Structure formats: structure tokens, C-alpha cells
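Undergrad: I am attaching a structure below and will ask some questions about it afterwards.
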Amino acid sequence: MSADSLHSSPPFIPGPALYQQLAILNGLLILGLSDKKSESQQIQHLSLDQQQHITLFRGSSQSRFGMAFRFHRQDVEQIEGLTLEGGRGHLLLHTRPGAIQSLTFMPGATAASDTGYNGGTRNSVDLLVPAKRLEQAEAALIRIFRMAGSTWYPDLPPHWRGD
């Protein structure tokens with residue numbers, strides 16, 4: 001067995017517990033937009049693929065306009081929860097500079113276009129949740145990161161870090 005294979009982390013395989021936490025977080029994301037006074041339903045959804053890329057989609061159900069923010073889980077450096085007036089909670093994910101790729105989807109367009117946020121100016125995304133559920137959303141997000149084997153969180157047990 002080579003030295004490289006001894007130190008490589010096991011492949012990431014999402015399991016039922018991770019999907020449960022994603023469902024909890026996405027339920028809170030739906031609630032975070034449900035009080036908006038709009039004719040079209042606003043949508044936000046977070047996903048994590050097997051390569052550990054996080055995608056946050058935000059858009060409108062009627063116009064089919066939307067934006068997707070995509071970045072790798074290991075690029076997240078900080079999670080910050082803020083409560084603003086009006087009962088809205090903001091869960092900010094701060095990343096390394098330039099880590100977030102942003103795509104825009106327009107009505108009638110057949111493909112998404114890069115919006116140019118990848119030039120190092122965009123380094124955070126904002127998840128909207130009800131203010132009274134902010135701690136619950138933050139806990140779900142941290143659990144998702146732990147289950148995915150994140151190394152940035154200081155209190156992770158070795159088996160969650162892949163050591």
C-alpha cells in the first residue's frame with residue numbers, strides 16, 4: 001500500500017442522516033421566503049453532491065428566473081447567523097475569495113450564463129430563514145458539514161474528519 005493511499009480520506013457517500021439534515025434545512029429555507037408579498041412563489045434550495053459541491057438555487061416559480069451559487073464545501077470558512085427586522089434570519093456562508101461560481105437562469109434561455117461573480121469579488125452567500133428558526137438552520141448546516149467530513153469545524157471527531 002502506498003503512502004498516498006494511507007493518508008487519503010475515504011470517498012464521500014451521502015447517507016440518510018445527511019439527507020434528513022438537508023431536508024430540515026431546505027424546509028427552513030422555504031419558510032424563509034414564504035412571508036414575502038409576491039405574486040410568484042420564491043424558491044431557495046440547497047444541495048450537496050458527491051464531489052461535495054454545494055449549490056444554492058434561488059429563483060421565482062412563475063418567471064423561471066433564478067440564480068445558482070456553487071462552491072466547494074471546503075471553501076467555506078465561516079458561518080454567521082444574523083437577525084434583521086421583520087422576522088427574517090440570514091445565515092451567511094463566507095468562503096475563500098473567488099470560490100463562488102454564480103449562474104443566472106433567464107426566461108426563454110436554453111442555458112445558464114456565468115454572471116461574472118467568479119472574479120474574486122463574491123465571497124459569501126445568504127440563506128434566508130425565519131429569525132426564530134435561525135439557530136435550528138445553523139445547527140442543521142453544521143451537521144451537514146460534519147457528516148460530509150469537513151475539517152474547518154474545530155470540534156469534529158476524527159472519524160468525521162476522515163482521519
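The values are calculated or read from the model by the stated rules, or taken from the named source; none is laboratory data. From a predicted model like this one, the values you see are computed outputs, not experimental measurements. Don't worry about glycine lacking a Cβ; one is built from the backbone with ideal geometry, like all the others, and counts go over all protein chains shown.
Undergrad: Testing Ala140 on (1) modelled with pLDDT under 80; (2) buried (at least 19 other Cβ atoms within 10 Å of the Cβ), one condition comes back false. Which one is that?
TA: Checking Ala140 against (1) modelled with pLDDT under 80; (2) buried (at least 19 other Cβ atoms within 10 Å of the Cβ), the one that fails is (1).
Undergrad: Filter the stretch 1-29 down to residues that are at pLDDT below 70 and part of a helix (DSSP H, G or I) and give me whichever is nearest to Ala131 (Cα to Cα).
TA: Out of the qualifying residues, it is His7.
Undergrad: Cβ contacts < 6 Å: first residue more than 19 Å from Leu31 (Cα to Cα), restricted to the stretch 72-92; second residue part of a strand (DSSP E or B) and β-branched (Val, Ile, Thr), any location; separation 6+ or different chain. Result?
TA: Arg73/Ile54; Asp75/Thr95; Val76/Thr95
Undergrad: Select, from Leu103, Leu93, the only residue that is at pLDDT 85 or above and not basic (Lys, Arg).
TA: Answer to the selection: Leu93.
Undergrad: Next question. Are any of the residues in the stretch 30-41 at pLDDT below 80 and either touching a His at 6+ places or on another chain (Cβ under 7 Å) or surrounded by 17 or more Cβ atoms within 10 Å (Cβ to Cβ) (or both)? Spell out the reasoning first.
TA: The first filter runs over the stretch 30-41 and keeps only residues at pLDDT below 80, leaving 33-41.
Filter once more, keeping what is either touching a His at 6+ places or on another chain (Cβ under 7 Å) or surrounded by 17 or more Cβ atoms within 10 Å (Cβ to Cβ) (or both): 33.
Yes, the stretch 30-41 contains a residue that is at pLDDT below 80 and either touching a His at 6+ places or on another chain (Cβ under 7 Å) or surrounded by 17 or more Cβ atoms within 10 Å (Cβ to Cβ) (or both).
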